[in-house]
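Just below is one structure, and these are the notes that go with it.
The values are calculated or read from the model by the stated rules, or taken from the named source; none is laboratory data. Because the structure is a prediction, the values reported are computed rather than measured. Cβ placement follows ideal geometry from the backbone for every residue including glycine, while neighbour counts extend to all protein chains displayed. Accessible surface is based on the protein model in full, side chains and every heavy atom, while ligands, DNA and RNA are left aside. Shrake-Rupley method; radii C 1.70, N 1.55, O 1.52, S 1.80 Å.
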Amino acid sequence: MLFRVAIAFACLFIIAGVAGQPAGDTALAVQQTIAPVTSLIATNHEYDNGTGIDLIWVPSIDDRLAPSRVTGYEVWRSVVGGSGSRIAELPAGANKFTDEQCSRESTYVYSVVAISVAGNAVSISTAPIQPAREWINLHRLNLLAIAFLVSAAVIYFIQSARSGKKLFVRKIAGLDAVDDAIGRATEMGRPILFIPGIQDMDDVQTIAAITILGRVSRVVADYDTKIKMPVSRSLVMTAARETIKASYMAAGRPDAYNDDMVSYVTDEQFGYVAAVDGIMVREKPATCFYLGAFFAESLILAETGNSVGAIQIAGTAMPAQIPFFVAACDFALIGEELFAASAYLSNEPKQLGSLKGQDVGKAVALVVIVVGTMAATIGSAWDVTFMNQLWSALKVVFQTN
Amino acid sequence: MKRSTYIVMAVMALLFAVSWYFKAATYHGNVMSPLVAGFMITLAAFLTLAIISFVYQDNPFYKFAEHLFVGISAAFWMCQSFWSTIVGNLIPRISTGLSKYFGQPYRDEPWNFVYWLPVILGILLLLRLSSKIGWVSRWALAFIVGTTAGLSFIRYLRSDFMEQISSTMVPLLAAGNSGESLLSNITLSATGPFVAMLTNWVIFLGVICGIVYFFFSKEHTGLFGRASRVGIWILMITFGAAFGYTVMGRITLLVGRLTFLYKDWLGLIS
């Protein structure tokens, strides 16, 4: 009897044990409630420096059928032969990702993990892929074509100017006052203050200011006037000294040049302003030039210059600062006029040609805007297919992305 | 200096000492070093007043604050540039020995000419200190200016040329509305078709007239001159709006400074 009972217990135990196995599988199946992403493909990211790989996949079927079941995705990357690491966490519904932190020298394998509360599902890994660098971005051929058009116009006009053809540039208000302002400083025996903005030589406005400085310092050298130029960048100091020195040599007075004409103050914006204001009230310049990139200091400088009775000629392409110069200075060069000023003053073929070439660009812009706007108006108001197509085509040509 | 100057300076020194004493007493028990905290806030307040005193006229206090500001900031920027650019970025990429010397972790990267280029250009610039071969520094300057011009050309071509053209090609009449029903149904709702149409007209005419103003190859006479005049009017209206907006920002800065004086220094407002 006892033996039978023992056999029965043993059988039950075995049955329970055997039954436990599928029960475990069922638990596993419960944990594996979501399907992994499929069709994971890695491709080289086009037209980059060889640092990007694009991933695209079909989201887990559970993400589409019951969106709340999949909470998100993780992208894992491993270098071939190395261990993997998680590189991104994406929300549910995501089906693509661009890894922009790759190296051209490495080969990578990717997998995407679908995340859910019950458990995760790992996709099949991609084939090994190595990012590649492309030298030319074919998506920006339109930019290349327009750049060529403008450059060709510039080169054409430079050649025309060099061949002796007279290029017309309209009068720019304020620039005619430059010589008079320098002459006034000479008569009064007071210096000229030239402020080239507070940006470095990597700003095109500073370059324009230094170009104008060449012309101003040439007149200064001819008139034997004093010029003071405190700067806030060491490279600008070097460039300005070279420019003024060249002007003095061109005027035949190299001995009158002095490195102290240009002095470095500080890179700190308001430290520089404090120093320039101090120079203004102590040296009382007869003429102040503010040409270049300015920020919050524009009005402080212009008001101080105004208080010492200086003639002030300003020019900047910073939209927020132009109003202050317009309000506080005698003459203000607005935006593009700053760049045109150097050509206007120097009358050099290169600069005149460049200015005329830019005008060709503006003419093209005018025509395209008028045609494009007319096409957009007629196309949308009267639903004319050809006009809509023309508008779309122009939009494609001038798109920047 | 005049006797009155000495008297003013002595009074200011006395005021400074009194302020320091009272601020230190205020901080007692609240900070690690009440004396240092009291000194710093008193110094900040006096330097603020010294700079503001320029509104009256140039004076020794302003000169002191000016020279202190310029000296400290120039030294700070030099150290900042050296330690962040040369020591922080360059040396760990080019030299094991120097990295060790400056206590920087050496980045064992493949040899790259790009890292040596600024070294060469920097040395060329420093050669300017030599009277014999100082002219070599112009090469570095030419490189910087040329690269800047090239990069700016593409940047401005995209943002100021193509983007501007693309954004200005807007329909001047509402979609599916050739004008008749629009005029009979004018509403001044900001999101309505009439205001949208008006906005597009302003954009179109503003850009066209603005470009005409900045056209330098033709004299501004006749129709061209009238368009140019409209362009400068539009620019001036824009500048007026920008002026008001920026002045508002400056007033905020002034309020911030006055808050520091009245709250943090004098404790007159809570």
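Backbone phi angles across region B:230-240, fed through the Karplus curve with coefficients 6.51, -1.76 and 1.60 (θ = phi - 60°), yield HN-Hα couplings of 4, x, 5, 4, 4, 4, 5, 5, 4, 5, x Hz in residue order; Gly and Pro are listed as x. Report summary: the helix-based calculation at 222 nm, which adds -39500 (n - 2.57) for every DSSP H run with n ≥ 4 and divides by the residues of chain B, gives -22000 deg cm²/dmol.
Sorted by accessible area (1.4 Å probe), largest first, how do B:Trp135, A:Trp391, B:Trp233, B:Trp77 line up? Working shown, then result.
Values: B:Trp135 130, A:Trp391 60, B:Trp233 165, B:Trp77 85 Å².
In descending accessible area the options line up as B:Trp233, B:Trp135, B:Trp77, A:Trp391.
The mean count of C-beta atoms from other chains within 10 Å of the C-beta of residues in A:192-205, rounded to a whole number, is 2.
Computed packing ranks the peptides A:246-252, A:304-310 as A:304-310, A:246-252, most packed first, by mean other Cβ atoms within 10 Å.
When the solvent-accessible surface of protein heavy atoms is calculated with a 1.4 angstrom probe, in what order do B:Phe204, A:Phe295 fall, highest first? Can you show the working numbers first?
Details: B:Phe204 20, A:Phe295 75 Å².
From most exposed to least exposed: A:Phe295, B:Phe204.
Taking a ≥ b ≥ c as the square roots of the Cα gyration tensor eigenvalues, with a/c under 1.5 meaning rounded and otherwise prolate when a/b beats b/c, else oblate, which class fits region A:167-347? It comes out rounded by the Cα gyration axes.
Ranking A:Ala35, A:Val308, B:Leu223 by Cα position along the charge dipole of the protein assembly as shown, where only Lys, Arg, Asp and Glu carry charges on their C-beta atoms, puts A:Val308 farthest toward the positive end. Rounded to the nearest 10 square angstrom, B:Leu14 shows an accessible area of 110 square angstrom against a 1.4 Å probe. Note on the protein assembly as shown: Kirkwood hydrodynamic radius from all Cα pairs is 31.6 Å, rounded to one decimal. The Cβ shell under 15 Å around B:Ala10 holds other residues with a net charge of +2, Lys and Arg each +1, Asp and Glu each -1.
Taking only the C-alpha atoms of region B:1-57, the Rg (one decimal) and the largest Cα-Cα distance, Dmax (whole number), read 13.6, 43 Å.
Counting heavy atoms of the protein chains alone, A:Asp202 has an accessible area of about 100 Å² for a 1.4 Å probe.
Have a look at the DSSP beta bridges in the protein assembly as shown and tell me what percent are antiparallel, nearest 5. Display every interim value, and only then the final one.
Working: 29 of 48 bridges.
Antiparallel bridges: around 60 percent, rounded to the nearest 5.
Sequence-ordered 3J(HN,Hα) estimates for region A:263-280 from the Karplus curve with 6.51, -1.76 and 1.60 and θ = phi - 60° stand at 10, 7, 9, 6, 6, 5, 3, 7, x, 5, 4, 4, 5, 5, 4, x, 4, 4 Hz, glycine and proline given as x.
Selection among A:Ala185, A:Ala341, A:Ala376 by position relative to the dipole of chain A gives A:Ala376 as farthest towards the positive end (Cβ unit charges, Cα centre). For chain A, the dipole from Cβ point charges (+1 on Lys and Arg, -1 on Asp and Glu) about the Cα centre works out to 680 debye, to the nearest 20.
Buried surface between chains B and A: roughly 6100 Å² of accessible area, summed over both sides, computed with a 1.4 Å probe on protein heavy atoms only.
Hey, if we sort B:Val36, A:Val384 by accessible area with the 1.4 Å probe, largest down, what's the order?
Working: B:Val36 85, A:Val384 55 Å².
Result, largest first: B:Val36, A:Val384.
Mean partner shielding of peptide A:268-279, defined as the number of other chain Cβ atoms within 10 Å of each residue Cβ, is 5. For region A:92-170, the extents of the C-alpha atoms along the principal axes are 81, 30, 16 Å, listed from largest to smallest. Rolling a 1.4 Å probe over the protein heavy atoms leaves B:Val31 with an accessible area of roughly 60 Å².
Projecting the alpha carbon convex hull of region A:270-354 along each direction and taking the average yields 5.7 nm².
Per residue of B:70-79, count partner chain C-beta atoms within 10 Å of its C-beta, then hand back the mean as an integer. Don't jump to the answer; show the numbers that get you there.
On the way: counts 9, 2, 3, 11, 9, 1, 4, 7, 3, 0.
Averaged over the peptide's residues, the number is 5.
Taking the charge dipole of region B:115-249 about its Cα centre, with +1 at Lys and Arg Cβ atoms and -1 at Asp and Glu Cβ atoms, the residue from B:Val207, B:Ser131, B:Phe143 reaching farthest to the positive side is B:Ser131.
Once you have the alpha carbon radius of gyration of region B:173-265, what is it after dividing by 2.2 N^0.38 Å, with N set to its residue count? Could you put the intermediate results ahead of the total?
Working: Rg = 21.2 Å, N = 93, 2.2 N^0.38 = 12.3 Å.
Relative to the 2.2 N^0.38 Å estimate, region B:173-265 comes out at 1.72.
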